Amino acid sequence: MTRFRTGAVTLATPEDTQAFGRALATLLRAGDLVILTGDLGAGKTTLTQGIGAGLNVRGPITSPTFVIARVHPTLAAGPALVHVDAYRLGSFAELDDMDLDADIADSVTLVEWGEGLAEDLTDSHLAIRMTADPATETRRVEITAVGDRWQTTGSRSALQALMSEDDAS
């Protein structure tokens, strides 16, 4: 499977993380899968809040740790957001039992703690790794684009522009 690492940005505040999510949402479309990885407090849900705002979905976006998945319907003409927390799931079979593939074609599906579990849901995805610096509370975001969806010149250029815009802030 083809991979493209877009680089990394550092985000100084939770508001910057949400703004980055809103900007990323402009690149997302129905059928896209985003897999978020990072320790507790890395900013995964904060980024998801920004993506939800950018997609103009019904909120509020909160961590679905105890319900495992939430569907946030669109308030406009775009796709819904399916927000999954795979922290308590032990295998792809448990994730597959949730029938996410029924919603995946019509929604943007975002899986927190999904590394090693969610990659087989679609042929393409964005793998986003988030790291928090507890001393400064900054967030480092790295994106790897996987699969054909993200390998076109337009998709690569858009992701690189997103990363370089925010890197300057």
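Laboratory data are not the source of any read-out in this text; all were calculated from the coordinates shown. In this text the structure is predicted, and so the values were computed from the model without any measurement. As a convention, Cβ positions derive from the backbone with ideal geometry for all residues, glycine included, and neighbour counts pool all protein chains shown.
Using a 7 Å offset from Cα along Cα-Cβ at S164, what residues in the stretch 122-153 end up with backbone N under 16 Å from the label point?
153
Does the stretch 1-69 come out rounded, prolate or oblate by the C-alpha gyration tensor, with a ≥ b ≥ c the root eigenvalues, rounded set by a/c under 1.5 and, if not, prolate when a/b is larger than b/c and oblate if not?
It comes out rounded by the Cα gyration axes.
Sort 42-48, 2-8 by the packing proxy (mean of other Cβ within 10 Å over each peptide's residues), most packed first.
Highest-to-lowest ranking by the protection proxy: 42-48, 2-8.
Once both labels are modelled 7 Å past Cα along the beta-carbon direction, what's the R3-R29 spacing in nm?
Here the answer is 2.5 nm between the modelled labels.
May I ask you to evaluate 6.51 cos²θ - 1.76 cosθ + 1.60, the Karplus curve with θ = phi - 60°, for each residue of the stretch 130-146 and list the ³J(HN,Hα) values in order in whole Hz, giving x for glycine and proline?
Result, rounded to whole Hz: 10, 10, 9, 9, x, 6, 10, 6, 7, 10, 9, 10, 10, 10, 10, 8, 10.
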